[in-house]
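K.L.:
Sharing a structure here in structure tokens format.
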Amino acid sequence: MPNSRAIIVLGMHRSGTSAFARGMATLGVYLGENFLDAQEDNPTGYWEDKGIFDLNERVLAALGLKWTDATLIEDTSWKLEAVQALRAEATDYLRSKLAIRPVWGFKDPRTVRLLPFWRPVFHDLGTDDRYLIAIRNPLSVAASLADRQGMDQATSHILWLAYMVPYLNEIAAQPFLAADYDLLMSDPAEQLERIAAALELPIGEDSRAEIAHFSDDFLDPELRHNKYGRYDFPMNPAVTPLAREAYLWLEALATDRVGPDLKQFWSAWKRIRGAVNRLLADSAAAR
């Protein structure tokens, strides 16, 4: 039997992962006590454990990367001695800081790129790892990254692909759910109840009170400065067809238009993944 259950929030930067993480806390998921400080671009807080953030930064550094690098990570890289040492450190950290509760979790946008690092950690812990995939239209993500990082759209869209596509298949055999940030903002209670049902998080009276507080007091629509829909893609030539296709498949998951049989999704994702990996390799070769 698993020692505990972990709910891991996955998603690209500027995709609402902080809001989703706070939502998980309303459902009784323990996120720790040592969060990154709120900043001007995220005044309601990141809900991101400092230790997890530090570990992910060090794993990226061991791979020779920064969070802004849209570089294909070779499979052999996960066996590097420095990466393996960090795996042991991550296991010890989770065991002492987060897995002290029956249901716990964390979020850091880097995690979706580093799933081949984290999945063995969860195995070593003997935990039942489950996943919430936070999605947001890549046009909105690009606009947000332009506002906050000065990143051009073409770079943002390739970076979105580098985060969201190559390693999502790592969780294919695990319980997971995709949820859309814009839908969370529009109807937070409905989305949290959907998440709770899919990830088997019971909702009691305390949780209902927390959901009401989350909906009425925590979420602030004024902080969402960019909102694009699926019909905005043809108007923006900077979006690669791959980014559009990958997002639309994820959106289909998030709106329950795909499932419960996910064979069609994973078959399409395998093809998209191969194309993205070739794109990232070609982009690296051209630099």
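K.L.:
Using the per-residue mean of other Cβ atoms lying within 10 Å as a proxy for protection, in what order, highest first, do the peptides 183-194, 155-166 fall?
P.N.:
So the peptides 183-194, 155-166, ranked by packing, come out 155-166, 183-194.
K.L.:
Select from 186, 262, 142 the residue farthest towards the positive end of the dipole of region 4-286; place +1 on Cβ of Lys and Arg, -1 on Cβ of Asp and Glu, and compute about the Cα centre.
P.N.:
Of 186, 262, 142, it is 262.
K.L.:
How long is region 4-286 along each principal axis, judged by its Cα atoms, biggest number first, in Å?
P.N.:
54, 46, 42
K.L.:
Please report the relative contact order for the chain, taking Cα pairs under 8 Å with a sequence separation of at least 6, and give it as a percent rounded to a whole number. Provide the component values of the computation, followed by the final result.
P.N.:
Working: 407 pairs, mean separation 73.7, N = 287.
That works out to 26 percent.
K.L.:
Give the lysines whose C-alpha is closer than 16 Å to that of residue 97, dropping any in the same chain fewer than 8 places away, or say none.
P.N.:
Hits, sequence-local ones excluded: 50, 107.
K.L.:
For the pair residue 248/residue 266, report the inter-label distance in nm, with labels modelled 7 Å from Cα in the Cβ direction.
P.N.:
For the pair residue 248/residue 266, the computed spacing is 2.4 nm.
K.L.:
Just to check I understand the Karplus step: with θ = phi - 60° and J = 6.51 cos²θ - 1.76 cosθ + 1.60, what whole-Hz values come out for region 56-70, glycine and proline as x?
P.N.:
Computed from phi, the couplings for region 56-70 are 5, 4, 6, 5, 4, 5, 5, 8, x, 10, 10, 5, 8, 8, 8 Hz.
K.L.:
Around residue 151, which amide H atoms from residues at least 5 apart in sequence, or from another chain, sit under 5 Å from its own amide H, with H modelled in the peptide plane?
P.N.:
146
K.L.:
Now, a different point. Based on the mean of other Cβ atoms within 10 Å per residue, sort peptides 12-18, 240-246 so the most packed one is first.
P.N.:
Ranking, from highest mean packing down: 12-18, 240-246.
K.L.:
What aspartates and glutamates could a cross-link reach from residue 270, if we take a straight Cα to Cα line under 19 Å and drop same-chain neighbours fewer than 8 places away?
P.N.:
Once the sequence-local aspartates and glutamates are set aside, what remains near residue 270 is 74, 75, 170, 245, 251, 261, 282.
K.L.:
With a 10 Å radius around each residue's Cβ, average the other Cβ atoms per peptide and rank 119-130, 273-284, highest first. Please report the intermediate quantities before stating the final value.
P.N.:
Details: 119-130: 17.7, 273-284: 15.6.
Per-residue mean Cβ counts within 10 Å order the peptides as 119-130, 273-284.
K.L.:
Can you give the helix-only mean residue ellipticity at 222 nm for the chain, where every DSSP H stretch with n ≥ 4 adds -39500 (n - 2.57) and the sum goes over all residues, rounded to the nearest 500 deg cm²/dmol?
P.N.:
-15000 deg cm²/dmol
Just so you know, all these numbers are worked out from the coordinates, no wet-lab data involved. The shown structure was predicted, so the numbers you read here are calculated from the model rather than taken from an experiment. Positions of Cβ are generated from backbone atoms using ideal geometry, with glycine treated the same way; all protein chains shown enter the neighbour counts.
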